[in-house]
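Novice: Got a structure for you, questions after.
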Amino acid sequence: MSKPAAPLRGRAARLARLMPSTGPSTAARTPFVLLVVLLLGGGLITLLLLNSALNEGSFRLSELKRETTELTDEQQALQRDVDSRSQPDALERRARELGMVPGGSPAFLNPDGTVRGNPTEATAPPSPSPSPTPSTGAPADAGAPAAGTPAGPSGSVPPSGSVPASEPDPATASAAEITPPPTSPGR
């Protein structure tokens with residue numbers, strides 16, 4: 001068996017007193033090792049949770065970018081529709097479909113209350129004759145005025161006492177022809 005260690009003398013004895021013995025040091029290291037292991041484990045778990053949260057945010061961000069792209073495309077398509085329907089020829093075509101006619105010569109009121117210009121009634125240009133429809137025996141447009149009688153602004157026949165102006169005043173007509181129609185800014 002092993003024999004007991006001989007007592008140390010001199011310098012070795014002093015060094016032995018400075019260094020702790022193996023018994024109590026092992027018991028003191030156990031809580032420290034457990035603390036380090038817990039801190040490392042907690043750090044790894046926290047890192048894993050943080051990484052998961054960042055990935056979730058990344059997925060949400062890509063979904064929102066895709067949705068933004070779709071909505072931007074839709075907005076641009078709607079803007080193209082608005083622009084195409086705002087063009088003067090498209091507005092004129094739609095107005096004619098609704099039965100509107102270009103206005104006659106306008107009259108303007110001066111600040112002193114006098115009237116400038118000679119107003120005339122708007123007259124509809126002759127419409128092309130509709131092709132006959134064999135399905136009904138009734139006229140195509142029973143509410144329309146007879147040919148040769150101009151319709152008023154509401155589509156009704158003017159009273160018999162009023163005489164529509166066939167031609168506008170040459171002075172105001174030439175000014176109306178020279179002046180271009182106003183345009184909206186930015187177009």
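Novice: With the checklist (1) over 30 Å from residue 122 (Cβ atoms); (2) open to solvent by 60 Å² or more (accessible area, probe 1.4 Å) in hand, flag the one item residue 43 doesn't pass.
Specialist: All conditions pass for residue 43, except number (2).
Novice: For the stretch 23-35, does any single residue satisfy the condition of being open to solvent by less than 70 Å² (accessible area, probe 1.4 Å) and at pLDDT 95 or above?
Specialist: No.
Novice: Return yes or no: is residue 89 in a helix (DSSP H, G or I), out of contact with any Gly (no Cβ under 9 Å at 6 or more places or on another chain) and either surrounded by fewer than 10 Cβ atoms within 10 Å (Cβ to Cβ) or at positive phi (or both)? Spell out the reasoning first.
Specialist: Values: in a helix (DSSP H, G or I): yes; out of contact with any Gly (no Cβ under 9 Å at 6 or more places or on another chain): yes; either surrounded by fewer than 10 Cβ atoms within 10 Å (Cβ to Cβ) or at positive phi (or both): yes.
Taking the combined requirement at face value, the residue satisfies it.
The values are calculated or read from the model by the stated rules, or taken from the named source; none is laboratory data. Predicted, not measured: the structure shown is a model, and the values here were computed from it. A quick note on method: Cβ atoms are made from the backbone with ideal geometry, for glycine too, and the neighbour counts reach across all protein chains shown. When the accessible area is computed, the model is the full protein with side chains, heavy atoms only, and any ligands, DNA or RNA have been set aside. Shrake-Rupley method; radii C 1.70, N 1.55, O 1.52, S 1.80 Å.
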